[in-house]
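FYI, it's all coordinate maths here, none of it is from the lab. Note that the structure is a prediction, hence the values are computed from the model and not measured. Glycine gets a Cβ as well: all are built from the backbone with ideal geometry, and neighbour counts include every protein chain shown.
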Amino acid sequence: MNKAEILVIGSGPAGLKASLSAADQGAGVTLVERDPFLGGQLVKQTHMFFGSKEQYASERGFKIAEKLTAAAEEHPGVRVLKGAAALGYYDDNVVTLELKGRVLPVSYDAMIMATGAQENTLMFPNCDLPGIYGAGAVQTLMNVYGVLPGKRVAMLGAGNIGVIVSYQLLQAGVEVPAIIEAAPEIGAYHVHASKVRRMGVPIYTSQTVVSAHGSDALEKIIMVELDDSWQPVPDTERELDVDVLCIAVGLTPLTEILFQAGCEIAYIPELGGHVPRRSAVMETSVANIYIAGDVSGIEEASAAMVEGTIAGLTAAFNLGYGRDSYEQKIAAANLELDALRKGPTGEKIRTGLQNLKKTGEVRQ
Amino acid sequence: MRIQVHPILEFKKGKKISFTYDGITVEGYEGEPIAAALHAAGVRVLSHSRNFKRPRGFWCAIGNCSSCNMRVNGIPNVRTCVEPLQDGMTVETQQGRGVIGGVPGE
Amino acid sequence: MLEKTGVPTPAQVEAVKPSPERLTEGPVVIVECFQEIPCDPCYTACKRGGFLPFADINDLPRMDFAKCNGCGICIGACPGLAVFVVDETYAEDKALLMIPWEFLPVPEEGNMVKGLNREGDVLADVEVKKVRSAGSHNQTSILTLIVPKKYAHDIRSIRVD
């Protein structure tokens, strides 16, 4: 059987950093990615990142992906398997992969799950019409493959993803007649909102989409205003002609294999739904399984990178690598995470992590 | 509809190739997802819901949701949003659940 | 207002403006960053001490306008594209305004473009005086516009027709 000392599933910001930090400590890493390229969702991020120097602030996401991909592929301690989807967990520390149409079982000493998240959808009449797409899906189509999603695209959701993808639609030459947000306030960083607003894109808060219309594909949406209790205000319905509606209403952690492995899971809405319980250094309740990034709670990519570092260091440490430098490196990473989560925009994640912790301490 | 010029990105495209979509010859770039090539060619309906035959298109683009499943080279339920396009592929709208090794249209 | 529409209030804009005296002394930076987010590249980009040190990465930028020479290096460093430079000393009724630009077409020097306010409304026709890259690893362009002085604190974007 194929053997991996540390098996890392997913090569987004968390998985790449986990692989590099574990391999730097001397551990042997096998990094598995279902796409034919590394980088996860970083590859389609054309905007400059926030954060600090340590998390590549001011660099564009796809450039960070290029940098970390090169580092992983050149690292003698990292074996990269691209086009390999993790299928399932088996007892005795085995995960099966689908690689080139074949099933490949891999056994591991430690596994770091960095599987990320998937986009949430929203129910309304005709919400399944072609032309209604996930905002992240549109970002992939447009920024990875250079294909335009449509001519006139409305955005449902004014969180960071909705507002950033709207800006990127404008960059690709697409008209964005509306960003629609059911909440009374914009969830995105306000600087992102100001960037699209001054290009003439209106942001409608306390509004939502009640239905979509079109014969074979989307032709128009009906918007409505919402009152303080999120109920539609009578006689405020209006039509908007669009050929695409992007849905950007949050993400859900991709935890299937962790459920299967028997990790203790808690439902924490602030973290995006069902998330594994974990220790401060990213250990789950199942021995030798670690987590990092969005699968452990929806957060910014900068935090995912630091969590990846922590998970990689800890997995390596528990296998006997990097005993001398562990404490110091973990302390530095924790300082970075604390700084990223400290401000008002970190309130949701702080609350979520507190609520997760209230479910009990994790002991492997 | 493809992006011709972009302020930030340069697109590395594969070789221009052709494939068939329900019998019609369509052009695309080798290695891009089948659904991306179809979308660029103006095809938005990729599948239909099983019971009510409602049109379905692209949705998640990460191979999770099955909204883009089509029959490719006779194999049903291929996730076209992640399946790389190859020269000469036969891509068909799938009817029903699909039959492995079955005849086209089943 | 900012949290509902993406447009800052006049009071917010006024609060980050350099003093009238400083504005008469030549080019100076204006940072329209009104929300504490974990982000500090403006501070690390400036080698002149124009940005006061951040105690916490979530701090709002605080300026020492006396140390700023309006070079604009921080414009391309800001991930939020929230930094601008205004030079009110350019001419009697015209000011220079530097803005970040990440769209196509990138205008050419001498082009006339539409000057837009923070809501995307056209305020005036403005001339592009200078176009420069924000750096070899950064695809943001920095445009220097000649704008009516009365709109120097209102125009924040352009449209190239």
* **Under 13 Å, Cβ to Cβ, from C:LYS67 - net charge with Lys/Arg +1 and Asp/Glu -1** => +2
* Structure fact -> The long-range amide H neighbours of A:TYR204, using H built 1.01 Å from N in the peptide plane and a cut-off of under 5 Å, are A:ILE179, A:ILE180, A:GLU181
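Please sort by residue number the trypsin sites (Lys or Arg not before Pro) in segment B:21-92 whose DSSP state is loop and whose Cβ has at most 16 other Cβ atoms within 10 Å. Could the numbers behind the result be given before it?
Details: sites: B:ARG44, B:ARG50, B:LYS53, B:ARG56, B:ARG71, B:ARG79; in loops: B:ARG44, B:ARG50, B:LYS53.
In loop regions of segment B:21-92 (DSSP not H, G, I, E or B), the sparsely surrounded trypsin sites (Lys or Arg not before Pro) are B:ARG50, B:LYS53.
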* Structure fact -> In whole angstrom, the spacing between the Cα centers of segment C:48-76 and segment A:30-83 equals 30 Å
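Please give the FRET efficiency for A:PHE124 paired with A:GLU347, using the beta carbon to beta carbon distance and R0 = 25 Å, rounded to the nearest 0.05. List each step's numbers first, then the result.
Numbers: r = 29 Å, r/R0 = 1.18.
Using R0 = 25 Å, I get an efficiency of 0.30.
Give me the net charge of C:ALA55's neighbourhood, meaning all other residues with Cβ under 13 Å from the Cβ of C:ALA55; Lys, Arg count +1, Asp, Glu -1.
Details: positive: A:LYS342, C:ARG62; negative: C:GLU36, C:ASP40, C:ASP56, C:ASP59.
With Lys, Arg at +1 and Asp, Glu at -1, the neighbours total -2.
Among the trypsin sites (Lys or Arg not before Pro) within segment A:326-364, which fall in a DSSP loop and have no more than 10 other Cβ atoms within 10 Å of their own Cβ? It would help to have the intermediate numbers written out before the result.
Values: sites: A:LYS329, A:ARG341, A:LYS342, A:LYS348, A:ARG350, A:LYS357, A:LYS358, A:ARG363; in loops: A:ARG363.
Here the sparse-neighbourhood loop sites are A:ARG363.
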* To do: Could you run the Karplus curve 6.51 cos²θ - 1.76 cosθ + 1.60 with θ = phi - 60° over segment A:14-20 and give me ³J(HN,Hα) per residue in whole Hz, x for Gly and Pro?
  => 5, x, 5, 5, 4, 4, 5
* How far is the Cα center of segment C:93-161 from the Cα center of segment A:286-343, in Å? -> 43 Å
* Asked: Which order do B:THR25, A:THR140, A:THR351 fall in if you start with the one that has the fewest other Cβ atoms within 10 Å?
  -> B:THR25, A:THR351, A:THR140
* Asked: Summing +1 for each Lys or Arg and -1 for each Asp or Glu, what net charge is found among the other residues whose Cβ lies under 15 Å from the Cβ of A:ALA303?
  -> -3
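Considering only DSSP states other than H, G, I, E and B, which GluC sites (Glu not before Pro) in segment C:79-158 qualify as loop sites with at most 13 other Cβ atoms within 10 Å?
Details: sites: C:GLU88, C:GLU92, C:GLU102, C:GLU108, C:GLU109, C:GLU119, C:GLU127; in loops: C:GLU88, C:GLU92, C:GLU102, C:GLU108, C:GLU109, C:GLU119.
Those that pass, being in a loop and sparsely packed, are C:GLU92, C:GLU108, C:GLU109.
If the viscosity is 1.306 mPa s and the temperature 10 °C, what Stokes-Einstein diffusion coefficient in µm²/s follows for chain A when Rh is the Kirkwood radius over Cα pairs? Before the final figure, lay out the partial values.
Values: Rh = 21.3 Å.
It diffuses with D of about 75 µm²/s by this estimate.
Beyond a 19 Å Cα-Cα separation, which of these cross-linked pairs lie in this structure: A:LYS63/C:LYS47; A:LYS100/B:LYS12; A:LYS151/B:LYS16; C:LYS47/C:LYS67; A:LYS44/C:LYS130?
Values: A:LYS63/C:LYS47 24 Å; A:LYS100/B:LYS12 23 Å; A:LYS151/B:LYS16 24 Å; C:LYS47/C:LYS67 10 Å; A:LYS44/C:LYS130 30 Å.
Exceeds cut-off: A:LYS63/C:LYS47; A:LYS100/B:LYS12; A:LYS151/B:LYS16; A:LYS44/C:LYS130.
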* To do: Express as a percent, rounded to the nearest 5, the fraction of DSSP beta bridges in the protein assembly as shown (both residues included) that run antiparallel.
  => 70 percent
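Please report the projected area of the protein assembly as shown's Cα convex hull averaged over all directions, in nm². Intermediate results must be reported in sequence, preceding the final value.
Numbers: hull surface 118.0 nm².
Average of the hull's projected areas for the protein assembly as shown equals 29.5 nm².
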